[in-house]
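A short worksheet on the structure shown next.
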Amino acid sequence: MNIFKILTQNLGGGSRTLAPADAVAYPAGFRGVLHHQTELCTACGTCAYTCSPSAIVPDRSDERFVVWRYFEDRCTFCGLCVDYCPTGALSFEARAPEVVQERAQHYISHQIDMEPCPGCGQLFKPLPPAALERLYDHQPAEDVASMARMCDKCRRQATSRRFKQALSGE
Ligand code: SF4
Ligand code: SF4
(Lines give C-alpha, C1' and ligand atoms only; values in the text may rest on other atoms or scores of the structure.)
(Ligands and ions follow the chains in the order given, each with its own letter.)
Protein backbone atom coordinates (compact mmCIF):
# COMPACT_ATOMS: atom_id res chain seq x y z
CA MET A 1 0.00 0.00 0.00
CA ASN A 2 1.15 3.47 -0.75
CA ILE A 3 2.78 5.17 2.26
CA PHE A 4 0.67 8.31 1.79
CA LYS A 5 -2.48 6.21 1.88
CA ILE A 6 -1.38 4.59 5.15
CA LEU A 7 -0.54 7.98 6.66
CA THR A 8 -3.90 9.41 5.63
CA GLN A 9 -5.69 6.38 7.08
CA ASN A 10 -3.80 6.58 10.36
CA LEU A 11 -4.26 10.33 10.75
CA GLY A 12 -7.91 10.14 9.78
CA GLY A 13 -8.61 7.24 12.18
CA GLY A 14 -8.30 9.38 15.31
CA SER A 15 -6.89 8.31 18.66
CA ARG A 16 -6.56 4.57 19.29
CA THR A 17 -6.19 4.87 23.07
CA LEU A 18 -8.67 2.57 24.83
CA ALA A 19 -10.70 3.79 27.78
CA PRO A 20 -10.40 1.55 30.91
CA ALA A 21 -13.89 0.21 30.28
CA ASP A 22 -12.84 -0.92 26.77
CA ALA A 23 -9.83 -2.86 28.06
CA VAL A 24 -9.36 -6.25 26.48
CA ALA A 25 -10.11 -9.11 28.91
CA TYR A 26 -7.15 -11.14 30.16
CA PRO A 27 -6.90 -14.54 28.45
CA ALA A 28 -7.61 -17.77 30.33
CA GLY A 29 -4.56 -18.94 32.28
CA PHE A 30 -3.08 -15.42 32.50
CA ARG A 31 -0.34 -15.42 35.16
CA GLY A 32 -1.00 -12.17 37.02
CA VAL A 33 -1.18 -11.38 40.73
CA LEU A 34 0.02 -14.31 42.84
CA HIS A 35 -2.57 -15.33 45.44
CA HIS A 36 -1.43 -17.17 48.60
CA GLN A 37 -4.10 -18.93 50.68
CA THR A 38 -2.73 -19.18 54.22
CA GLU A 39 -5.48 -21.66 55.23
CA LEU A 40 -3.97 -24.19 52.76
CA CYS A 41 -0.28 -23.46 53.36
CA THR A 42 1.88 -25.90 55.34
CA ALA A 43 5.00 -23.70 55.17
CA CYS A 44 6.76 -26.61 53.44
CA GLY A 45 8.98 -24.28 51.40
CA THR A 46 8.54 -26.07 48.06
CA CYS A 47 7.52 -22.79 46.40
CA ALA A 48 10.73 -21.11 47.61
CA TYR A 49 12.79 -24.09 46.40
CA THR A 50 11.34 -23.84 42.88
CA CYS A 51 11.68 -20.04 42.66
CA SER A 52 14.94 -19.18 40.89
CA PRO A 53 14.81 -15.36 41.37
CA SER A 54 14.14 -15.75 45.13
CA ALA A 55 10.80 -14.01 44.95
CA ILE A 56 9.52 -16.30 47.73
CA VAL A 57 11.69 -16.31 50.84
CA PRO A 58 10.18 -17.85 53.99
CA ASP A 59 11.57 -16.52 57.27
CA ARG A 60 12.07 -19.37 59.74
CA SER A 61 13.94 -17.42 62.40
CA ASP A 62 11.25 -18.06 65.04
CA GLU A 63 10.34 -21.72 65.69
CA ARG A 64 6.74 -20.77 66.62
CA PHE A 65 5.87 -19.60 63.11
CA VAL A 66 7.08 -19.21 59.55
CA VAL A 67 6.65 -15.92 57.76
CA TRP A 68 5.85 -16.69 54.12
CA ARG A 69 7.28 -13.71 52.19
CA TYR A 70 6.73 -12.85 48.53
CA PHE A 71 8.60 -10.08 46.68
CA GLU A 72 6.53 -9.37 43.61
CA ASP A 73 9.17 -7.11 42.09
CA ARG A 74 11.49 -10.14 41.76
CA CYS A 75 8.83 -12.45 40.30
CA THR A 76 9.07 -13.55 36.66
CA PHE A 77 5.54 -15.09 36.77
CA CYS A 78 6.95 -18.39 35.56
CA GLY A 79 4.29 -20.30 37.50
CA LEU A 80 6.55 -23.02 38.94
CA CYS A 81 5.56 -22.26 42.54
CA VAL A 82 1.88 -22.65 41.60
CA ASP A 83 2.54 -25.92 39.75
CA TYR A 84 4.57 -27.47 42.57
CA CYS A 85 2.67 -26.27 45.65
CA PRO A 86 1.41 -29.61 47.08
CA THR A 87 -1.73 -28.21 48.69
CA GLY A 88 -2.88 -25.78 45.99
CA ALA A 89 -2.26 -22.79 48.26
CA LEU A 90 -0.93 -20.72 45.36
CA SER A 91 -2.80 -19.51 42.30
CA PHE A 92 -2.69 -16.65 39.84
CA GLU A 93 -5.38 -14.03 39.52
CA ALA A 94 -6.30 -13.03 35.97
CA ARG A 95 -5.19 -9.42 36.40
CA ALA A 96 -1.90 -7.60 36.21
CA PRO A 97 -0.24 -6.39 39.43
CA GLU A 98 -1.15 -2.82 40.29
CA VAL A 99 1.21 0.02 39.53
CA VAL A 100 2.42 1.35 42.87
CA GLN A 101 4.74 4.13 44.00
CA GLU A 102 6.57 2.31 46.80
CA ARG A 103 8.50 -0.90 46.15
CA ALA A 104 7.42 -2.24 49.52
CA GLN A 105 3.81 -2.22 48.32
CA HIS A 106 4.79 -5.19 46.14
CA TYR A 107 5.76 -7.25 49.22
CA ILE A 108 3.45 -9.74 50.90
CA SER A 109 4.11 -11.51 54.19
CA HIS A 110 1.83 -14.04 55.84
CA GLN A 111 2.43 -15.69 59.19
CA ILE A 112 1.91 -19.47 59.31
CA ASP A 113 1.67 -20.61 62.94
CA MET A 114 3.22 -23.89 64.04
CA GLU A 115 1.21 -26.24 66.27
CA PRO A 116 2.35 -28.67 68.97
CA CYS A 117 2.17 -32.37 68.07
CA PRO A 118 -0.41 -33.97 70.41
CA GLY A 119 1.97 -36.91 70.87
CA CYS A 120 5.33 -35.32 71.74
CA GLY A 121 4.66 -31.57 71.79
CA GLN A 122 7.14 -30.80 69.00
CA LEU A 123 6.15 -27.68 67.05
CA PHE A 124 5.35 -28.30 63.39
CA LYS A 125 2.72 -27.43 60.82
CA PRO A 126 0.14 -30.19 60.28
CA LEU A 127 -1.88 -30.43 57.09
CA PRO A 128 -4.61 -27.78 57.51
CA PRO A 129 -8.24 -29.06 57.55
CA ALA A 130 -8.94 -27.28 54.23
CA ALA A 131 -5.98 -29.09 52.61
CA LEU A 132 -7.11 -32.44 54.07
CA GLU A 133 -10.58 -31.89 52.68
CA ARG A 134 -9.09 -31.09 49.28
CA LEU A 135 -6.93 -34.21 49.44
CA TYR A 136 -9.78 -36.59 50.34
CA ASP A 137 -12.50 -34.69 48.45
CA HIS A 138 -14.47 -34.53 51.73
CA GLN A 139 -13.75 -34.14 55.44
CA PRO A 140 -11.86 -37.34 56.41
CA ALA A 141 -12.92 -39.53 59.33
CA GLU A 142 -11.72 -38.39 62.78
CA ASP A 143 -9.06 -41.14 63.09
CA VAL A 144 -7.49 -40.01 59.79
CA ALA A 145 -7.73 -36.33 60.82
CA SER A 146 -6.17 -37.06 64.23
CA MET A 147 -3.22 -38.85 62.56
CA ALA A 148 -2.72 -35.78 60.33
CA ARG A 149 -2.36 -33.62 63.44
CA MET A 150 0.68 -35.65 64.58
CA CYS A 151 4.31 -35.04 63.66
CA ASP A 152 6.00 -37.55 61.30
CA LYS A 153 7.63 -39.51 64.09
CA CYS A 154 4.48 -39.88 66.23
CA ARG A 155 2.43 -40.74 63.13
CA ARG A 156 4.85 -43.55 62.25
CA GLN A 157 4.71 -44.89 65.80
CA ALA A 158 0.89 -44.72 65.86
CA THR A 159 0.72 -46.54 62.50
CA SER A 160 3.05 -49.29 63.79
CA ARG A 161 0.93 -49.69 66.93
CA ARG A 162 -2.20 -50.06 64.79
CA PHE A 163 -0.56 -52.67 62.59
CA LYS A 164 0.57 -54.59 65.64
CA GLN A 165 -2.92 -54.46 67.16
CA ALA A 166 -4.50 -55.56 63.88
CA LEU A 167 -2.09 -58.47 63.47
CA SER A 168 -2.23 -59.65 67.07
CA GLY A 169 -5.98 -59.08 67.33
CA GLU A 170 -5.52 -57.38 70.73
S1 SF4 B 1 2.54 -21.99 49.43
FE2 SF4 B 1 2.48 -24.19 48.98
S3 SF4 B 1 4.59 -24.73 48.42
FE4 SF4 B 1 4.65 -22.72 49.42
S5 SF4 B 1 5.08 -23.16 51.57
FE6 SF4 B 1 2.85 -23.04 51.36
S7 SF4 B 1 2.18 -25.16 50.99
FE8 SF4 B 1 4.40 -25.11 50.62
S1 SF4 C 1 5.89 -17.34 39.61
FE2 SF4 C 1 8.03 -18.09 39.36
S3 SF4 C 1 9.29 -16.30 39.85
FE4 SF4 C 1 7.23 -15.85 40.62
S5 SF4 C 1 7.26 -16.49 42.75
FE6 SF4 C 1 6.52 -18.24 41.56
S7 SF4 C 1 8.35 -19.50 41.09
FE8 SF4 C 1 9.03 -17.43 41.75
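In the range 53-94, of all residues being open to solvent by 50 Å² or more (accessible area, probe 1.4 Å), assigned to a helix (DSSP H, G or I) and under 16 Å from Ser109 (Cβ atoms), the one that is farthest from ligand 2 (Cβ to nearest atom) corresponds to Asp73. Here is a check on your reading of the model: is Ala43 over 16 Å from the mean Cα position of the chain (by Cα) and touching a residue at least 24 places away in the same chain (Cβ under 8 Å)? Considered against the rule, which asks whether it is over 16 Å from the mean Cα position of the chain (by Cα) and touching a residue at least 24 places away in the same chain (Cβ under 8 Å), Ala43 comes out as no. Contact map, the range 16-28: residues that are on the phi > 0 side of the Ramachandran plot paired with residues that are of a type in the set (Asp, Glu), Cβ distance under 8 Å, separation 6+ or inter-chain. No pairs are found.
Checking each residue in the range 123-150 for being in contact with a Pro (Cβ under 7 Å, 6 or more places away or on another chain) and not basic (Lys, Arg) picks out Leu123, Leu132, Ala148, Met150.
Name the residues in the range 4-52 that are open to solvent by less than 80 Å² (accessible area, probe 1.4 Å) and aromatic (Phe, Trp, Tyr), would you? Result: Phe30, single match. If you check Gln139, Gln101 for being in contact with an Asp or Glu (Cβ under 9 Å, 6 or more places away or on another chain), away from ligand 1 (no atom under 16 Å from the Cβ), among the polar types (S, T, N, Q) and farther than 21 Å from Phe30 by Cβ, only one passes: Gln139.
Number of residues in the range 99-110 that are in contact (Cβ under 8 Å) with a residue 40 or more places away in the chain, away from ligand 2 (no atom under 11 Å from the Cβ) and either not hydroxyl-bearing (Ser, Thr, Tyr) or not assigned by TED's automatic domain parsing to the domain that holds Leu40 (or both) equals 1. Among residues of the range 31-86 being within 30 Å of Ala148 (Cβ to Cβ) and of a type in the set (Phe, Trp, Tyr), the one that is farthest from ligand 1 (Cβ to nearest atom) is Phe65. Within the range 104-142, the residues that satisfy the criterion of being touching a strand residue (DSSP E or B) at 6+ places or on another chain (Cβ under 9 Å) and open to solvent by 60 Å² or more (accessible area, probe 1.4 Å) are Tyr107, Ser109, Gln111, Asp113, Glu115, Pro116, Gln122, Leu123.
The values are calculated or read from the model by the stated rules, or taken from the named source; none is laboratory data. Note that the structure is a prediction, hence the values are computed from the model and not measured. Counting neighbours? That spans all protein chains shown, and the Cβs are built from the backbone with ideal geometry, glycine included. Accessible surface is based on the protein model in full, side chains and every heavy atom, while ligands, DNA and RNA are left aside. Shrake-Rupley method; radii C 1.70, N 1.55, O 1.52, S 1.80 Å.
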